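Worksheet: one structure, shown below.
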Amino acid sequence: MKGYISHYWLGLDNEETSFTVLPDGSVDLVIQSHDDVTESVVYGTTTQRTDIHIIPDCHYVGIRFKPGKSRHFINISAQDLTNAAEMSKDILNFSLEEFSEELNLNGIAKRLDALLESHLQKEQPEESTIDHVIALIQDSKGLLRIEDAVVYSGKSRRQFERVFKETVGVSPKFFSLITRFSHATTLITQLTHTSLAEIAADAGYSDQSHMNHDFKRMTGVTPKTFLRDYDAFLQYTKEVES
């Protein structure tokens, strides 16, 4: 499922009452189990830091679709889900019946792989030039010029921006901002002995102030505060490979 799924994630025996979500351009399908009751919700991408209510002592399993790929699995546009959530039974194009009574975590990734692959065999996915543009933006770490993206799409700028927003949930400009911010967070967490000014330059920001501005826009805090406050948050869930 590598072409469609970013990763699966687990949040087990949750002790918190809220979970912080940052803009990432992705749609998540979240299955939650509490007191032998299992429900599932589809969360769209956000445009700002958002705190989502979660249930203590609950297990969570998430499917993070790659940007633009949720269209193969849900029957509404990503734009309709931006800064919103819907119960999965209302919008999924496949059934989660096997998870409806109790969430069995054994072999969860392989079970999810099989479920999603079965759906794609029945509903053959249609390719889009937007997929190519998304890849170009990501490969450029968010530095691809929008004018060049329009040329690659083969559409008028107005049509390109409309289709991109319907497919991804945000505008191409904002998705580029998300991508560069994501790259900067990776550099900050990995290059702990490198100055923020150097990281800002490596990430394509005009200066450190510009990077600080984007961090505040995305997280509400500066890069230094982000690292300090989000250490526990980043450890709460773990990715699960199939």
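The values are calculated or read from the model by the stated rules, or taken from the named source; none is laboratory data. Because the structure is predicted, anything quoted here is derived from the model rather than measured. Cβ placement follows ideal geometry from the backbone for every residue including glycine, while neighbour counts extend to all protein chains displayed.
Anything in segment 178-231 that is without any contact (Cβ under 8 Å) to a residue 24 or more places away in the chain, in a helix (DSSP H, G or I) and charged (D, E, K, R)? List them, or say none.
Of everything in segment 178-231, those that are without any contact (Cβ under 8 Å) to a residue 24 or more places away in the chain, in a helix (DSSP H, G or I) and charged (D, E, K, R) turn out to be E198, D202, K216, R228, D229, D231.
Can you give me the number of residues within segment 99-155 that are under 30 Å from Q32 (Cα atoms), free of Cβ contacts under 8 Å to residues at least 60 places away in the same chain and of a type in the set (S, T, N, Q)?
The total comes to 5.
Quick one: which of A149, A78 is at pLDDT 95 or above, buried (at least 20 other Cβ atoms within 10 Å of the Cβ) and within 30 Å of A201 (Cα to Cα)?
A149
Go through segment 168-177 and report how many residues are part of a helix (DSSP H, G or I), of a type outside the set (G, A, S) and surrounded by 21 or more Cβ atoms within 10 Å (Cβ to Cβ).
Residues in segment 168-177 being part of a helix (DSSP H, G or I), of a type outside the set (G, A, S) and surrounded by 21 or more Cβ atoms within 10 Å (Cβ to Cβ): 3 in total.
Give me a count of the residues in segment 108-146 that are crowded, with 17+ Cβ neighbours inside 10 Å, not basic (K, R) and not in a helix (DSSP H, G or I).
Of the residues in segment 108-146, 3 are crowded, with 17+ Cβ neighbours inside 10 Å, not basic (K, R) and not in a helix (DSSP H, G or I).
Just checking, which of K89, K141, K69, K110 is among the basic types (K, R), modelled with pLDDT of 95 or more and in the same structural domain as V30 (by TED's automatic domain parsing)?
Just a single option satisfies the conditions, and that option is K69.
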